[in-house]
1. Please enumerate, by chain and number, the lysines with C-alpha under 29 Å from the C-alpha of LYS18, excluding those fewer than 8 residues away in the same chain.
2. Can you compute the equivalent ellipsoid semi-axes for region 4-124, i.e. the square root of 5 times each eigenvalue of the Cα gyration tensor, sorted largest first and rounded to whole Å?
Amino acid sequence: MANLKAYNVALKGLGLGKHRFDYQVGSAFFKYFDGGIADDGNVDITLELEKQSALIVLWFHVRGTVKIQCDRCLDLFDQPVDSQNKVFVKYGEEKFEEGDDVVWVAPDESHINVAKLIYDFIILSIPIKHVHPDDANGESLCNPEMLEKLNLLSVQDVEQEEEPETDSRWDELKKLLE
Ligand SMILES: [Zn+2]
């Protein structure tokens with residue numbers, strides 16, 4: 001399991017101004033969050049933190065690939081992701097509704113864990129359409145065998161599902177011969 005402590009950013013003792021943190025996440029990280037869409041990937045994250053007197057600004061730049069399933073051919077493929085997101089960290093005992101880009105922390109909090117933020121930004125940067133990209137010649141990179149099978153299936157649907165007749169006894173006999 002991924003150790004999420006690595007994503008703790010110390011707030012106490014952090015000087016005013018800019019700080020930079022680099023992270024790299026892989027399959028253990030994705031499996032920890034068990035997101036469904038992507039349970040593997042390879043993403044670099046740069047976190048630029050700017051501490052101001054009253055609040056902290058976090059810029060996350062996520063860049064890499066996530067493994068997702070193609071909706072067309074059902075193969076897994078590496079979907080490139082690249083996005084930048086800004087979050088404000090504010091101090092307060094109460095959480096005021098101010099949209100998704102504000103994280104409230106208690107004034108005495110010693111650190112903030114950014115793992116979930118990183119995960120959410122990666123997932124948000126995945127396009128809605130999960131389909132293999134085209135190659136340089138505009139040809140689909142989908143699994144051609146699978147597409148052919150799917151085509152055959154849809155043709156068979158039209159022809160009233162002509163299932164190939166198999167004799168289970170014959171299959172058993174073949175197993176014995178092997
Ligand atoms: Zn595909």
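1. In chain and number order, the partners are LYS5, LYS51, LYS86, LYS90, LYS95, LYS116.
2. Values for region 4-124, descending: 30, 14, 13 Å.
Bear in mind these aren't lab numbers, they're just calculated from the coordinates by the rules spelled out. Just so we're clear, the structure is a prediction, and the values are computed from it rather than from any experiment.
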